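Since the structure comes first, as structure tokens, the remarks are kept for the end.
The values are calculated or read from the model by the stated rules, or taken from the named source; none is laboratory data. All figures in this text were calculated on a predicted structure; none of them were measured in a lab. Note: ideal-geometry Cβ built from the backbone for every residue, glycine included; neighbour counts use all protein chains shown. What goes into the accessible areas is simple: the full protein's heavy atoms, side chains included, and nothing from ligands, DNA or RNA. Shrake-Rupley method; radii C 1.70, N 1.55, O 1.52, S 1.80 Å.
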Amino acid sequence: QVQLVESGGGLVQPGGSLRLSCAASRDIFIIAGLGWFRQAPGKQRELDATITSGGSTNYADSVKGRFTISRDNAKNTMYLQMNSLKPEDTAVYYCNANVLGMILWGQGTLVTVSS
């Protein structure tokens with residue numbers, strides 16, 4: 001069974017940066033559409049960014065210009081570079097992979113933006 005494991009979350013001050021990573025346990029990323037979602041306390045999970053197998057990216061308006069999604073297929077790893085973080089970015093961040101219609105989720109990593 002394929003697993004996705006996120007890392008890189010933590011506490012950061014407003015205006016700071018973090019880089020999240022998502023690693024797959026098997027060689028799947030080359031054929032997968034990938035994405036990062038967030039879920040803030042008391043809110044529904046929402047999409048932040050996606051990247052296709054061909055490298056095309058798309059971002060939610062709330063993170064456009066601040067977050068960058070990228071992938072390294074050789075390492076089966078996806079990244080989310082988050083800059084200019086705001087308190088409202090506080091959430092559990094989840095990576096997601098769509099592998100030929102099979103949807104996979106990581107366990108989530110907590111990002112807290114606070115002074």
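When you go through S53, S70, S21 one by one, which is the residue that is of a type in the set (S, T, N, Q) and not in a strand (DSSP E or B)?
One residue alone meets the criteria, S53.
Kindly evaluate S56 against the criterion of being in contact with a strand residue (DSSP E or B) (Cβ under 9 Å, 6 or more places away or on another chain), surrounded by 12 or more Cβ atoms within 10 Å (Cβ to Cβ) and not hydrophobic (A, V, I, L, M, F, W, C).
no
Hey, does segment 69-77 have a residue that's open to solvent by 20 Å² or more (accessible area, probe 1.4 Å), in contact with a strand residue (DSSP E or B) (Cβ under 7 Å, 6 or more places away or on another chain) and within 15 Å of L110 (Cα to Cα)?
no
Identify the single condition in (1) within 13 Å of V111 (Cα to Cα); (2) assigned to a loop (DSSP other than H, G, I, E, B); (3) touching a residue at least 60 places away in the same chain (Cβ under 8 Å) that V2 does not satisfy, given that it satisfies every other one.
(1)
List the pairs whose first member sits in segment 71-85 and is touching a residue at least 12 places away in the same chain (Cβ under 8 Å) and at positive phi, whose second member is open to solvent by less than 20 Å² (accessible area, probe 1.4 Å) and not in a strand (DSSP E or B), and whose Cβ atoms are under 8 Å apart, counting only residues at least 6 apart or on separate chains?
Sorted first by the residue in segment 71-85, then by its partner, the pairs are N76/I28; N76/F29.
Please enumerate the residues belonging to segment 1-24 that are open to solvent by less than 60 Å² (accessible area, probe 1.4 Å) and within 21 Å of G55 (Cα to Cα).
Of everything in segment 1-24, those that are open to solvent by less than 60 Å² (accessible area, probe 1.4 Å) and within 21 Å of G55 (Cα to Cα) turn out to be L4, E6, L20, S21, C22, A23, A24.
Identify the residue in segment 6-59 that is of a type in the set (V, I, T) and under 11 Å from the mean Cα position of the chain (by Cα) and, among all such residues, is farthest from V92 (Cα to Cα).
I51
Going through segment 87-111 one residue at a time, which ones are farther than 14 Å from W36 by Cβ, surrounded by 14 or more Cβ atoms within 10 Å (Cβ to Cβ) and touching a residue at least 60 places away in the same chain (Cβ under 8 Å)?
V99
Looking at D48, D61, D27, which is the one that is open to solvent by 70 Å² or more (accessible area, probe 1.4 Å) and modelled with pLDDT of 95 or more?
Of the residues listed, the single one that is open to solvent by 70 Å² or more (accessible area, probe 1.4 Å) and modelled with pLDDT of 95 or more is D61.
Could you please find all residues in segment 24-46 being assigned to a strand (DSSP E or B) and under 18 Å from Y59 (Cβ atoms)?
G33, L34, G35, W36, F37, R38, Q39, E46
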